[in-house]
């Protein structure tokens with residue numbers, strides 16, 4: 001389906017190239033060339049996806065991501081694909097930690113970017129096969145409404161974070177390997193690793209756990225991966 005996509009790229013030639021390839025796919029695009037404009041436009045028009053260059057003037061891409069994920073209204077769930085010339089695993093994990101959903105290093109093929117856009121949009125909008133509400137204490141994961149609540153308060157999650165929770169909520173108490181969880185989030189970078197999931201889990205614990213260092217809901221299974229506590233139940237919606 002056509003989507004509204006915001007492109008934040010200070011290199012006007014690259015921005016125009018990305019715009020043309022996305023519009024050939026039928027998407028509607030808007031282009032900005034600095035980080036402050038990216039924040040203002042994202043908050044104003046709420047696009048379906050943001051293609052965000054890391055090295056932007058005025059406000060860099062990491063800070064744009066931080067602002068959008070922790071805004072005064074509780075943050076935004078807009079999927080974000082980050083573009084950067086930095087290719088190290090640490091850079092990838094920093095991008096993930098501030099809320100990016102995918103990460104593409106330069107130079108990249110515009111066709112690869114279009115494929116990533118397609119994947120991120122599909123996973124962000126994909127309905128659950130069997131909509132359910134999972135409850136464990138004060139934690140509620142509603143896969144039909146795509147909502148997470150703790151003690152009645154809505155929690156803003158990125159699409160990747162929500163997909164991890166929804167995956168584990170379908171089988172509470174089951175131990176999931178990192179590799180299996182990677183299959184439920186966007187293809188982050190060219191060589192995603194288990195650390196990708198570790199950072200997602202760290203971010204989720206900060207959001208849903210009363211004491212993140214002593215998790216009650218999102219538990220570590222040493223030598224395997226993670227599981228969601230089975231103290232609740234999954235109810236058909």
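Miscellaneous remarks
- Test: residue 34 is at pLDDT 90 or above and surrounded by 14 or more Cβ atoms within 10 Å (Cβ to Cβ): yes
- Single residue of segment 146-155 satisfying the filter (surrounded by fewer than 18 Cβ atoms within 10 Å (Cβ to Cβ) and touching a residue at least 40 places away in the same chain (Cβ under 8 Å)) that is nearest to the chain's Cα centre (by Cα): 154
To keep it simple, each residue is scored yes or no on (1) over 13 Å from the mean Cα position of the chain (by Cα); (2) modelled with pLDDT of 75 or more; (3) buried (at least 24 other Cβ atoms within 10 Å of the Cβ).
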position: 62; (1), (2), (3): yes, yes, no
position: 71; (1), (2), (3): yes, no, no
position: 86; (1), (2), (3): yes, no, no
position: 91; (1), (2), (3): yes, no, no
position: 99; (1), (2), (3): no, yes, yes
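- Every test in (1) surrounded by 19 or more Cβ atoms within 10 Å (Cβ to Cβ); (2) free of Cβ contacts under 8 Å to residues at least 40 places away in the same chain; (3) in contact with a helix residue (DSSP H, G or I) (Cβ under 8 Å, 6 or more places away or on another chain) is passed by residue 15 save one, and that test is (3).
- Verdict on residue 145 being within 24 Å of residue 69 (Cβ to Cβ), modelled with pLDDT under 90 and touching a helix residue (DSSP H, G or I) at 6+ places or on another chain (Cβ under 7 Å): no
- Qualifying residue in segment 183-190 (condition: more than 20 Å from residue 94 (Cβ to Cβ), out of contact with any strand residue (DSSP E or B) (no Cβ under 6 Å at 6 or more places or on another chain), surrounded by fewer than 16 Cβ atoms within 10 Å (Cβ to Cβ) and at pLDDT below 80): yes
- Against the list (1) more than 26 Å from residue 97 (Cβ to Cβ); (2) surrounded by fewer than 18 Cβ atoms within 10 Å (Cβ to Cβ), the condition residue 22 fails is (2).
The values are calculated or read from the model by the stated rules, or taken from the named source; none is laboratory data. Computed from a predicted structure; not experimentally measured. With ideal geometry, Cβ positions are generated from the backbone for all residues, glycine too; neighbour counts draw on all protein chains shown.
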